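Contents: one structure, followed by commentary.
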């Protein structure tokens, strides 16, 4: 079997873990073995980011969630790219991408990045998106889960184990290496100011409210610490009000979208992942690649990266005091924390690289292509 052509379909209305996953995958594959393109359902930001990274990307913006007129254009776009496989990411892209692939006579691989039930806390939205996902799930030849924990969850939902492969997210080590990031300045934050950050879209599933309560508890003991909230999303206004209500506005900065994450991470004393659920926890792996200490919740795929007192610290989801205690421990034990993070860096380089992710993903592609149309 020769060179493969893969078309990724994704919403692309934000630049989160799934979007970074695709770019890392593109960076990890051998271009002589695989050609990749991207089709987005939003005009920005991901299509623009992908093109800036040198990846062919096209946008077919939907006017609203029920704008299915885009289906004809999508089917034509799939046919024009002429992929061996259509690779979908996310509920809306799964729904439209699977149908478009079927109309164009192409097989589908779907990567599942998180538990759908966790992404939609509103019951009505959760039900609608669950139905949308399940009604086309049979059109996917093979599923990729970004952690072993997520693979088990999909099997529990009824997907046969033979149709689900766990492929851990991978870090682009060319970007997340101490030699490339350490020493760059982070304007506005002198080197002697301890920095603790959460880097995630501002959505309830990411646990920002617990992070902010933990910040207040940390500040009661260590008033000189600054807390950085990185990312955008629907909860921004509510979280800004919460900071004011907690009386910690002078110690918390909302930075919005940050393009140069390696420089930011390299300056941190602690990265916190406060999520209710993470399919994998790519930001935690990126922090460890830079030997930055991590405090994370004991959920989803995070324990596959953060191993207690070996590569980082785990705390129960929703326990702000435990989170604060873990952050304080790291700030008060910098040598031990750095040793943990250094061990974490070795684990990332051994188990969680973009190249490893690419190799295993291409194995799935070739398996599906060899079986098609009997997958």
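So what's the angle, to the nearest 10 degrees on a 0 to 90 scale, between helix 320-332 and the longest Cα principal axis of the chain?
70
How high is the relative contact order of segment 178-351, in percent, with contacts defined as C-alpha pairs under 8 Å that are six or more residues apart?
23
Give me the extension gain from residue 33 to residue 152: residue separation times 0.36 nm, minus the current Cα-Cα distance, reported in nm with one decimal.
Answer, rounded to one decimal: 39.8 nm.
Using 0.36 nm per residue, how much length does the chain from residue 257 to residue 65 gain when fully extended, once their Cα-Cα distance is taken away?
Extending this stretch completely gives an extra 66.7 nm.
Based only on other Cβ atoms within 10 Å, what is the fewest-to-most ordering of 70, 292?
Lowest count first: 70, 292.
How would you rank 33, 363, 286, going from fewest to most other Cβ atoms within 10 Å of each one's own Cβ?
363, 33, 286
Can you give the angle from 0 to 90° between the axis of helix 70-81 and the longest principal axis of the chain, with both taken from C-alpha atoms, to the nearest 10?
Between helix and principal axis, roughly 80 degrees.
Throw me the Rg/Rh for the chain, computed over C-alpha atoms with Kirkwood Rh, two decimals.
We get a ratio of 0.97 for the chain.
Find how many whole Å separate the alpha carbon centroid of segment 275-300 from the alpha carbon centroid of segment 130-203.
For segment 130-203 versus segment 275-300, the Cα centre distance is 9 Å.
Rounded, prolate or oblate: pick one for segment 235-350, where a ≥ b ≥ c are the square roots of the eigenvalues of its C-alpha gyration tensor, a/c under 1.5 means rounded, and failing that, prolate if a/b is larger than b/c, else oblate.
prolate
Which residue fluctuates most in the GNM of the chain (Cα springs below 10 Å): 103, 195, 288?
Of 103, 195, 288, the Gaussian network model singles out 103 as fluctuating most.
Over the chain, calculate the relative contact order: mean separation of alpha carbon pairs under 8 Å at least 6 apart, over the residue count, as a percent.
With pairs under 8 Å counted, the relative contact order is 16 percent.
Can you compute the helix-only [θ] at 222 nm over the chain? Use -39500 (n - 2.57) per DSSP H run of at least 4 residues, normalise by all residues, nearest 500 deg cm²/dmol.
After summing the helix terms and dividing by residue count, I get -13500 deg cm²/dmol.
Take peptides 218-224, 47-53 and line them up by average Cβ neighbours within 10 Å, highest first, as a rough protection proxy.
Averaged packing, sorted descending, gives the order 47-53, 218-224.
Taking neighbour Cβ counts within 10 Å as the exposure measure, how do 131, 271 sort from fewest upward?
With the fewest neighbours first, 131, 271 line up as 131, 271.
In segment 141-166, whose amide N lies under 17 Å from the spot 7 Å out along Cα-to-Cβ of residue 134? List them in ranges.
What the label zone holds, given the 17 Å backbone N cut-off, is 153-160.
Every number in this text was worked out from the coordinates using simple rules, so none of it is lab data. Only a predicted model underlies this, so the values are computations on that prediction, with no experimental measurement involved. Cβ atoms come from the backbone with ideal geometry, glycine included; neighbour counts cover every protein chain shown.
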